[in-house]
Each structure stands twice: as structure tokens, then as C-alpha cells.
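What follows is a short report on a single structure.
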Amino acid sequence: MALSLKELSQKRDLLSAGHRACAGCAGSTAIRQALLAADVPVVAGCSTGCMEVVTTIYPYTAWRVPFIHNAFENVAATISGVEAAYRALKRQGKIDREIKFIAFGGDGGTYDIGIQALSGAMERGHDMLYICYDNEAYMNTGIQRSGATPHGAATSTSPAGKKIPGKREFRKDLTSVVAAHDIPYVAQAVPSHWRDFMGKVQKALSVNGPSFINVLAPCPRGWRFKDKDSMEMARLAVETCFWPLYEVEKGTWKLTYKPKEKRPITDWIGRQGRFRHLMKEENKHVIDELQANVDYKWEQLLKRCEG
Amino acid sequence: MGKIVALTGNDAAGTAMIQIRPDVVAAFPITPQTELMHKFAEAVADGDVDTEFVSVESEHSAMSAAIGASAAGARVMTATSANGFALMWEVVYIAASYRLPIVMTLVNRALSGPINIHCDHSDSMGGRDAGWIQIHSENSQEVYDNLIQGVKIAENRDVLLPVMVTSDGFILSHTLERMEILDNQGVQDFVGENHPQHTLLDVDHPVTFGPLDLPDYYFEHKRQQVLAMEQAKGAILEVGREFKKLSGRDYWLFEEYQMEGAERAIVALGSTAGTVKETVDALREKGEKVGLIKLRVFRPFPKEELIEALKGIKVLAVFDRSHSFGGFGGPLFSEIRSALYGSDLSLQVLNYIYGLGGRNISLKEIEWVYSDLKEVIETGKVRERINYLGVRG
């Protein structure tokens, strides 16, 4: 399917309206885009978290595809099992359809508690796409820090205190960690660059074997910005090179979008309440640290992409 | 029809799995379950079964993958022990609540800590409230027979619950025993095809598994699990009758051994029942009125049937191979004593905690228990309600 707005607008949304995500939630946008991108029937799973909670309050479900939620840390293992069942039943001739499998997990369920199951599933080579919707903290339980939370961000468990100005650690580069599994396809994306993201989903679903896409999902509640600005927050994350758009195809790293001019990190964090405390004079060093880290990671990525 | 072989408990379980030919097996190695998985993995490697064998990175993922595969409509089996089962614990409950007929061999081993690889029942008892049917085995034959029956019990439309079949670690799992195996076709015909009603792979009829279930519905769903467990009893009996036709072997909720005219009895689970039988035979030869109830089905707990079987018993010893620290006796004791309270029976019930961490239990010790029970009848007094058998201090 060509990724034109005209065609997409005629396609039936596979995540129905009426779910209970917050206004401006980019996580649900990313899921809609991913499901719309699929050309073949998909079975989806989701780890415990915002997206699972808001889409499946019994007796309702927003999922128009077969869906399973199991627990917080095990969506990769759960979908491994679904895919294994598919392989077994297909081999026995009990099923002849082509079906693809997508596991969705938030950053908590992917970077932290679910990383073991994710790593295992990637290593075993299941034919599945794992999409992490990374909203950079445990938003469902009340904005606690995760391994994905940026340096300096204030969360419920890394508050901006009198002595400690937000999260002290730097975020985990999970996309690189997954790429180190040498799976056929790994990418980073944002829902604001929908054609880039959906193209990546199509590519990921077309490979035979595991694939992984880390999609940044700005969260108005957790990041403290106006809910109309979600896509702008995603765009700024890309323009500041905090969240570069790239893909790793069979070990080859490639930028899929390069900002014309790398904007300072303050252009992104200055719009978010979770970084407000960093604007105080005594915390300016945290911004410098964050900028230095973004610069370092960006240079590292450029080198990888140059091969 | 059958074939006489010598197999360890693990090989017996592996053989049952190979003959059942599940669609998916997901498992992670842990002593003493390992050889069971080796046996099955060899069958996969040799092409004797066309099962998808998912060699997962943890027991948590083993049960998680089993849940995914079962929800997808596959017939799924797994196996674990002790800490592996404990790591699964979260998803063990989820498997039952999603009504997925997964069948698991639990090769009983003591839970850490301290770490110990030998048999006790702290692992299976830790899962007693998880909503799984729990079937205990005395020997390799029963491990094998229970697994084959387990598939059919689990998939019964009125049940749809996961089944755990236990096998005492090392005592059964690593001990060669004479037993009879059925032919492959016989097992295949017995278990039949799995016909799940709703599956994830039915993409034309999408269903949602595992939604958020709040106070307005959760309780009703739990109540349905209770009903399924109640209905399981009938299914266990029905499958037992069918299995007898195939194998000639009798299976019920429990086995009554020398209970005719008995005044003193022991209730035990698993391999210990075999040791108790020896003692019962020896004492019966001396004219003592002793018997044994070997509990096979612990979940659903056969309350009415046990009360009926205990008529005429004056003193009962309940053997627990696990403990509930700070509780009133071991789990089996609490359950049985509670079942008897309010019945027409007025027997004394004593508890014997034994065999923790694989500590051996001897014929002599079992004889002591029967003599303890005799003393209770003669004196009318119970010296100790909760006793520890074969432990220093």
C-alpha cells in the first residue's frame, strides 16, 4: 500500500475511536499509524501500561485486530508464543493465511522490566515486530522515572528537589541495544513524521524475523506541555537530534532524516514543564550535560551511519 | 496394546508429551526438570514431533509464551520446578484466569532459600490458589497417565483450566521404574483434536484477551473460575473412566488403600504414598487396622468424597511435605481439618510435616506415626497436634 494521506484516509482505523487515552496522547497515534501501515492481517499484543489500560476496559475494546494483553514485562514472550502457535498450525495445514505479529510496549515495559523478554524474543528470531512507544517515564502509574527518562527530567521518583535537580542518570540507548542483537531490522521513529514511521513499519513487517521500532511518544501529562503540541514535541526531539530518525537494516545504519540545522536542546526542553527547574541559574550545568550527551550520541550515530 | 518399559519420571513425562504431540512447548531448564525437556528436545530434533519448541530465556517467559500460544489456539505444554515455578507465579494466575488449557509438569523441588534441589511440595503448594487443577502422582506410571488425562481434562468445554501434574523431584524424576506406555495412536486418539472457541489467529473474528477488568466485572469472572473448578471434578472422573478403557488402570480423585475397616489412616501426596503402602501392608499383617488415602486431585479439593472415605476412622495423620510458616499446620492439614469441621465425623486429625528439602522418610518413621495414632485412640489425648517427622530439634 502506498503511504498517501488520500489512501490512508479511506482505510478503516484498526484502533477505534472512543478509547480513553488522554487528549494529545502520541502513544495512541503511533499505534493507529502502525496498524494502518500493515498490509496483511496482524495480531497485536500490548504490555501493561497506558495503551493497554485505555484501550481495553472490559467489556469494551478499541482493538479491531486480535489482541492480547498478558502482563507488564512479557509482551515479547507472549507474542513469541502466538507466533510459535502460528508456525505450528500453519505447518500442520490448519491455517493458511499470512499473518503478522506486533508487540507494543511502553518504555517501562520495554527498556526496564520487559528487556529480558524482549532480548530473548529477538535472539530466538521470532517473526514479529516489537514497537516501543517511548513516552519516557511510567506514565500509567503516575510519571515515575524509567530507563528512558532523559537526564534532568523531573518525575515523581526523580523530582526536582532542593538538592537533586531531577533525574541524575542519562537515558538508556535501547535502540542500539536491540540493534546489537543483529536482527534484520531496527529503527527509531516519531509519529509526527508519519510517512517515515509507517514506511518503517512496512519494512519491519516485510522482513522474515524479528524487527524493532522505537517510537517517541510525547506525553502532555508527563512532560507537561499543552496537549495540542504533541506532534510539535516529537518534531523538536528530532530537530534537536535528541531523537534521531534512523534505521539499521541488516547491520547497516542509515539516517532517514537529517535536520538541516541541529537546534539546541533548549528548544525542546524549554517547552516542557518537566525541565522547568533546569532554567534556574544553579541548574544550568544540567542542561550543559544533557546537550553534551545529545552531541556525543549524535556524533556516534553519524559515524555509524557513515559506516 | 501397552508396552512394558523402564523409565524415569522425567522420561515418562517426556514420553507422554511426545505422544501427545503438543503444537507448542515453551520451557526453561531447571533441575530436576531438565531431563524431561532434553527428552522432548531430542524428539523435536529427530523430527518425531512437529512441535514448535520455544527455548525461552526464563520460566516467566515460558509461561508467558505458553499463554500467547494457547490463546492463539495451540495445544501447549511446559514443565518446571521450584524457583522456576515461583518466577512464573504472576503469569500462572493469568493462564488460569484467561481459561487456557495449558498442561504443565511440575517436578517438585524445595523452594529457595537456602537453595536446595531436592523434593518437597513447597512449590506446588505455593500455586494452590492460582486456579490450576492440581494432580499428584505416586510413580512414573502416574506421571505419564496423569499428563495424558490432563490434556483432556484441561480442554473439556466445561472446564477450560490449566492442569498441573506433579512428579516428586529425584524420587520420581530420576528413578527408573517399570511401567507401561500406550501406543502413539492410542494416545493421539484419546487426546483427540483441540477445538478452541476463540483464538487470536482467527483474524476474521478478532477477540481481545486480557482486558482491564474493574470492580464492575472482575468478581464475576473470578466466580466463573470457581464454577469451572467445580465442574472439573466431573470431567476428571469422566476422563478417568475413559482412560481406564484405554489402559486398564483406575483413576479417581484419590486412592483408598486398605481403608476397609481401618481405624487409623494417613493422608499423603505423591511418592510417599508408595512408602506408606509398604508400612500399611506390614502392619495389616500384624492385624492392625491401618489404611492410607493417597490424594491424587488436590485442586479441585474433593471434600465430600474425603469425608465419606474417612467414616470409621478414629485418628487421621495428614502428611505435609511443605509448611505454611506461622500457619496452623501444613496446607494439606489445614484443608482437610477444615473440610472435616462441621461434618458428622468427629475424628482427631494430626499433622506431620516431613521431607522438606528432600529429607528421606523411612518405613520406620511411618510406623511411628501409626503408633502415635494408636496412642491417641488409647489415651484419648493428642500430645502434639503439629509434628515434625525426621528432623533434628
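Please treat every number below as a calculation from the coordinates, not as lab data. All values derive from a computational prediction rather than experimental measurement. Positions of Cβ are backbone-derived with ideal geometry, glycine not excepted, and every protein chain shown enters the neighbour counts.
Mind telling me which of A:GLY109, A:GLY18, A:GLY45 comes out most flexible in a GNM of chain A, alpha-carbon contacts under 10 Å? Looking only at A:GLY109, A:GLY18, A:GLY45, the largest GNM fluctuation is found for A:GLY18. Residues whose amide H lies under 5 Å from that of B:VAL349, counting only those 5 or more places away or on a different chain, are B:LEU316; hydrogens are built 1.01 Å from N in the peptide plane. For segment B:254-389, the dipole from Cβ point charges (+1 on Lys and Arg, -1 on Asp and Glu) about the Cα centre works out to 300 debye, to the nearest 20. For the Cα trace of segment B:254-389, dividing Rg by the Kirkwood Rh returns an Rg/Rh value of 0.92. If you model segment A:147-227 as an ellipsoid using its alpha carbon gyration tensor, with each semi-axis the square root of five times an eigenvalue, the axes come out at 31, 17, 7 Å, biggest first. The charge dipole of segment A:13-306, taken about its Cα centre with unit charges on the Cβ of Lys, Arg, Asp and Glu (plus for the first two, minus for the last two), comes to roughly 360 debye.
Taken one residue at a time, the phi angles of segment B:108-124 give Karplus couplings (6.51, -1.76, 1.60, θ = phi - 60°) of 4, 8, 5, 6, 5, x, x, 5, 7, 9, 8, 6, 8, 9, 4, 5, 5 Hz. Gly and Pro are set to x.
If you take all other residues with their beta carbon under 11 Å from the beta carbon of A:THR149, and give Lys and Arg +1 and Asp and Glu -1, the sum is +1. For segment B:278-393, relative contact order (Cα pairs under 8 Å, six or more residues apart, normalised by length) works out to 27 percent. Taking chain B as a Gaussian network of alpha-carbon nodes connected by springs under 10 Å, the highest mean-square fluctuation of the residues B:ARG157, B:ARG264, B:ARG321 belongs to B:ARG157.
Take each of the peptides B:227-233, B:45-51, average the number of other beta-carbon atoms within 10 Å over its residues, and list them starting from the highest. Don't skip to the answer; put the middle values down first.
Working: B:227-233: 16.7, B:45-51: 13.7.
Packing order, densest peptide first, comes out as B:227-233, B:45-51.
Taking a ≥ b ≥ c as the square roots of the eigenvalues of the Cα gyration tensor, segment A:33-108 is classed as prolate, since a/c reaches at least 1.5 and a/b is larger than b/c. Each eigenvalue of the Cα gyration tensor of segment A:1-74, multiplied by 5 and square-rooted, gives one semi-axis; in descending order these are 22, 14, 11 Å. Shape analysis of chain A based on the Cα gyration tensor places the equivalent ellipsoid semi-axes at 32, 21, 18 Å, largest first. Sequentially through segment A:287-300, phi angles give Karplus couplings (6.51, -1.76, 1.60; θ = phi - 60°) of 4, 4, 5, 5, 4, 4, 5, 4, 4, 4, 5, 5, 4, 4 Hz, Gly and Pro residues having no value and appearing as x. Can you find, among B:PRO32, A:THR155, B:PHE301, the residue farthest towards the positive end of the dipole of the protein assembly as shown? Put +1 on the C-beta of Lys and Arg, -1 on that of Asp and Glu. Value: A:THR155.
For segment B:3-247, the relative contact order is 24 percent, taking Cα pairs closer than 8 Å that sit 6 or more residues apart in sequence and dividing their mean separation by the residue count.
FRET efficiency for B:LYS381 and B:THR175, Cβ-Cβ distance as r, R0 = 35 Å, nearest 0.05?
Numbers: r = 40 Å, r/R0 = 1.14.
That pair, B:LYS381 with B:THR175, gives E of 0.30.
Dividing the convex hull volume of the alpha-carbon atoms in the protein assembly as shown by its residue count gives 175 Å³ per residue.
Amide hydrogen proximity for B:ASN108: with H placed 1.01 Å from N in the peptide plane, the residues at 5 or more positions away or on another chain lying under 5 Å are B:SER167, B:ASP168, B:GLY169. The Cα atoms of segment A:49-156 give a gyration tensor whose axes a ≥ b ≥ c have a/c of 1.5 or more with a/b no greater than b/c, which makes the shape oblate.
For segment A:13-306, what relative contact order do you get, as a whole percent, if you take Cα pairs closer than 8 Å and at least 6 residues apart? Relative contact order comes out at 17 percent. Electrostatic tally near B:GLU52: other residues with Cβ closer than 15 Å to its Cβ, Lys and Arg +1, Asp and Glu -1, net +2. Computed 3J(HN,Hα) for segment A:263-273, one whole-Hz value per residue from the Karplus formula 6.51 cos²θ - 1.76 cosθ + 1.60 where θ = phi - 60°, is 8, x, 4, 5, 4, 8, 6, x, 9, 10, x, glycine and proline marked x. Over the residues of chain A, the helix contribution to mean residue ellipticity at 222 nm works out to -10500 deg cm²/dmol, using -39500 (n - 2.57) for each DSSP H run of at least 4. Counting Lys and Arg as +1 and Asp and Glu as -1, each charge on the Cβ, what is the dipole of segment B:3-247 about the Cα centre in debye, to the nearest 20? The dipole of segment B:3-247 has a size of about 480 debye.
Give me the Kirkwood hydrodynamic radius of segment B:3-247, using the inverse of the mean 1/r over all pairs of distinct Cα atoms, in Å to one decimal.
For segment B:3-247, the Kirkwood estimate is 17.9 Å.
Positive-end ranking of B:ALA41, B:THR15, B:GLY2 along the dipole of segment B:1-52, with charges on Cβ about the Cα centre, is headed by B:GLY2.
The convex hull built on the alpha-carbon positions of segment A:24-64 has an orientation-averaged projected area of 3.2 nm². Express the Stokes-Einstein translational diffusion coefficient of segment A:226-307 in µm² s⁻¹, to the nearest whole number, given a Kirkwood radius over alpha-carbon pairs, 37 °C and a viscosity of 0.692 mPa s. This corresponds to a translational diffusion coefficient of 238 µm²/s.
Counting Cβ atoms of other protein chains within 10 Å of each residue's Cβ and taking the mean over peptide B:208-219 gives 6.
The alpha carbon gyration tensor of segment B:127-265 gives principal lengths a ≥ b ≥ c with a/c of 1.5 or higher and a/b greater than b/c, which makes the shape prolate.
Please find the FRET efficiency linking B:HIS198 to B:TRP89, where r is the Cβ-Cβ separation and R0 is fixed at 35 Å, and quote it to the nearest 0.05. Approximately 0.85, to the nearest 0.05.
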